[in-house]
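Read the structure below first, then the notes.
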Amino acid sequence: MLQRLRLIRAPLLLLGLQGGAVISTAIHPFMPFILSACLITTLIVLFYSQVLLVLLADVGLVKGALIEQFPIFETIDFTVLLSVLILFALAWKLTDPLVRKRVMRYRVIIAAFAVWAVWMIISSLYAPRLDWAFEKSLRFALFTTILFLGPLVLIQRREESRTLLNIFLGIGFLGAVFLVGQGWSALGSTSSLQSVVRLTILTANPIAAGRILSICAAMATILIITKMGRARYWGPLLILFLVTSLFTGSRGPVLSFIVAVSLLGLFLGGKARRRTVYYGVVIAAVIMLVFILSPEELTSRYRLYMEGELAATQQGLMVLNTVNYRIMLWSKALVLWTQDLPHLLLGTGTAGYIMAFPWRDMEYPHNLPLELLAEFGLIGLGVFSLHILLITKQIYHRCRLSLHREEMQWLIGSLTMFFATLVSGDLNDNRMLWFFLGGLLATMNINTTIHQPSSEHA
């Protein structure tokens, strides 16, 4: 029965196209050409849906440049367009009963995630600004849901998981090469170099570029540490990704890369632990050389960890460094959360944190757990944590066995993004976390065969 359903999909599609061509010609002579363009778009969506999904995860890299080059994207939001195309591709994939059966394995986790998305929308009803709250909650409900469900639907075999990872690394590599060219161009002109504070890919937010490059660096490092990838290939890539991520001036992603790789490498134990220490020294040396040999303009932002910069506060202009500035944002979130019992339980409502900073554009506390407490309270944090705990439980049980290469890459990507959520961005800025969690969850469940622990990690 299942085989019969899969065989009749293609004839039905061809029959529909033929009927549409006949009817459309009667409507307008040019209609068949329009339908042909739609067919080509459909084929691209169906055969390159993995590329579209990774583009949605990395959309911050190209969206600004596309708007500059193609004004139509000022009217048609590129993120929404990508989402619609991916939804079409996922719906087509789900017509396969085998795909639906596999996705149903995650029904409890998907249901828990859906409850959280609905809770965000409900929390908008008591938020200080209903329009801001609905925008934030609906963006999460659409874009993050697609990024989370996409890998669960698209990854049915290990090759498909590897393809998604390679596309992500390929985009990171192209971005790193672009940054190298941009830096080389700046070095050739004194006036250009003096105006450079941080490099970025196209017109993207440097933090978004830094995250992608740091995740790529983490993947390269973990493959070397576990000997799942050859050091002579991945070593140069590690240096390329690390150096270019430093030049973005995005301190949070670089710190997240260091913490994620260190913790996972030490957790693996055995020879992997010893290699983690060794390559940790190498990475530290590379970072020091970058600071010593690079022009001061390209590393100036890292001095702001301890040195100060002028910032507007409720008390007026103050000199703040990165550390005490983050502490100020985090303490304000705690004050909002603990001001009374209703806020303790339910928070200020979706996007409510911004009301604590009416004098400047500060929309979130740059820490995901504190954002959840401030805007959704203890109850909201509990609702949010349900699907995360269910995923973490599966990851923990799988980590007790030997991990495959793809699982290790998805895991280090998830860890790097998790630590990034503790120092920058909000729920929507950090939606790439759910892309990696979805990829990890799907890849872990490709094979149900129990593997014996590897002596490499023993």
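The values are calculated or read from the model by the stated rules, or taken from the named source; none is laboratory data. Remember, it's a predicted structure, so these values are computed and weren't measured experimentally. Because the Cβ atoms are built from the backbone with ideal geometry, glycine has one as well, and the counts that use them run over all protein chains shown. Surface accessibility is based on the protein's heavy atoms, side chains included, excluding ligands, DNA and RNA. Shrake-Rupley method; radii C 1.70, N 1.55, O 1.52, S 1.80 Å.
Couple of notes before you dig in:
- Residue in the range 279-292 that is open to solvent by 20 Å² or more (accessible area, probe 1.4 Å), closer than 20 Å to THR421 by Cα and without any contact (Cβ under 8 Å) to a residue 24 or more places away in the chain present: no
- Count - residues of the range 263-278 that are open to solvent by 60 Å² or more (accessible area, probe 1.4 Å) and either of a type outside the set (D, E, K, R) or free of Cβ contacts under 8 Å to residues at least 12 places away in the same chain (or both): 7
- Boolean, PRO206 is more than 25 Å from ARG326 (Cβ to Cβ) and surrounded by fewer than 23 Cβ atoms within 10 Å (Cβ to Cβ): no
- Given (1) out of contact with any Phe, Trp or Tyr (no Cβ under 9 Å at 6 or more places or on another chain); (2) assigned to a helix (DSSP H, G or I); (3) under 30 Å from GLU159 (Cα atoms); (4) of a type outside the set (D, E, K, R), index of the condition LEU403 fails: (2)
- Filtered residue count, the range 68-99, keeping only those that are under 19 Å from ASP429 (Cα atoms) and β-branched (Val, Ile, Thr): 2
Rundown of residues vs (1) aliphatic (A, V, I, L, M); (2) modelled with pLDDT of 95 or more, yes/no style:
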position	(1), (2)
PHE140	no, yes
GLU159	no, no
VAL180	yes, no
LEU187	yes, no
GLN194	no, no
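- The range 357-380, residues that are assigned to a helix (DSSP H, G or I) and surrounded by fewer than 18 Cβ atoms within 10 Å (Cβ to Cβ): PRO369, LEU378, ILE379
- Pairs, first within 19 Å of GLN339 (Cα to Cα) in the range 377-388, second of a type in the set (Asp, Glu), C-beta under 9 Å, six or more apart: none
- Odd one out for HIS387, checked against (1) under 17 Å from SER424 (Cβ atoms); (2) modelled with pLDDT of 80 or more: (1)
- Given (1) acidic (Asp, Glu); (2) more than 25 Å from VAL153 (Cβ to Cβ); (3) surrounded by fewer than 21 Cβ atoms within 10 Å (Cβ to Cβ), number of the condition ASP429 does not satisfy: (2)
- In the set MET104, MET120, only one residue is over 23 Å from the mean Cα position of the chain (by Cα) and of a type in the set (A, V, I, L, M); that residue is MET104.
- Wholly within the range 1-99, helices (runs of 4 or more DSSP H) carrying at least 1 residues that are touching a Lys or Arg at 6+ places or on another chain (Cβ under 7 Å) and modelled with pLDDT of 85 or more: 78-93
- Test set (1) in contact (Cβ under 8 Å) with a residue 40 or more places away in the chain; (2) open to solvent by 50 Å² or more (accessible area, probe 1.4 Å) - GLN339 fails condition number: (1)
- Number of the condition not met by SER424 [criteria: (1) open to solvent by 20 Å² or more (accessible area, probe 1.4 Å); (2) at pLDDT below 90]: (1)
- Near pairs, Cβ below 8 angstrom, 6+ apart or cross-chain, from the range 215-239 (closer than 18 Å to LEU266 by Cβ and open to solvent by 40 Å² or more (accessible area, probe 1.4 Å)) to any residue that is among the acidic types (Asp, Glu) and at pLDDT below 95: LYS227/GLU456
- Condition check for PHE168: within 16 Å of the chain's Cα centre (by Cα) and under 18 Å from LEU55 (Cβ atoms): yes
- Restricting the range 409-421 to residues that are aromatic (Phe, Trp, Tyr) and open to solvent by 10 Å² or more (accessible area, probe 1.4 Å), the residue that is nearest to LEU164 (Cα to Cα): PHE418
- Residue in the range 250-257 that is within 13 Å of ILE412 (Cβ to Cβ) and not in a loop (DSSP other than H, G, I, E, B) present: yes
- Only one of the numbered conditions (1) within 30 Å of GLN409 (Cβ to Cβ); (2) touching a Gly at 6+ places or on another chain (Cβ under 7 Å); (3) modelled with pLDDT under 90 is violated by THR276, and that is (3).
- If you go through the range 98-155 and pick out every residue that is touching a residue at least 60 places away in the same chain (Cβ under 8 Å), hydrophobic (A, V, I, L, M, F, W, C) and open to solvent by less than 30 Å² (accessible area, probe 1.4 Å), you end up with 16.
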